[in-house]
Amino acid sequence: MGWLWAIIVGFVLGLIAKAVIPGKQHSPLWLTTIFGMIGAAVGNAVARAAGVAETRGIDWSRHIFQIVAAIIIVAIGDMAYMALWGNKKRQRERA
């Protein structure tokens, strides 16, 4: 069940990150989900290091760290995706 929650949270965080980042992102949905999962893990680690990983009630600070990490990772990941695969797709479209 843990993996299912990780995929769901990664999917949601990835979509939120894509909505916040200006412009069009070209990475596929499956990759955005992976970036969101990584963002959740990084956000949890930062929250733990800041001492706010577990609080009473809803862990708003941990969720904010997760969203910020997901935004950064999706932005960097999309740039890397376009650098690696973007030119190949453009060449195929021109041919």
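Data table
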read-out	value
Criterion violated by G23 - all others in (1) touching a residue at least 24 places away in the same chain (Cβ under 8 Å); (2) within 12 Å of A75 (Cβ to Cβ); (3) not acidic (D, E) satisfied	(1)
Lone unmet requirement of (1) within 18 Å of G86 (Cα to Cα); (2) over 13 Å from the mean Cα position of the chain (by Cα) for L31	(2)
Residues of segment 1-60 satisfying the condition of being open to solvent by 80 Å² or more (accessible area, probe 1.4 Å), part of a loop (DSSP other than H, G, I, E, B) and within 16 Å of I71 (Cβ to Cβ)	P22, K24
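The values are calculated or read from the model by the stated rules, or taken from the named source; none is laboratory data. Fair warning: this is a prediction, and the values are worked out from it, not measured in the lab. Backbone-built Cβ (ideal geometry, glycine too); neighbour counts: all protein chains shown. Just so you know, the surface numbers come from the protein's heavy atoms only, side chains and all, with ligands and any DNA or RNA stripped out. Shrake-Rupley method; radii C 1.70, N 1.55, O 1.52, S 1.80 Å.
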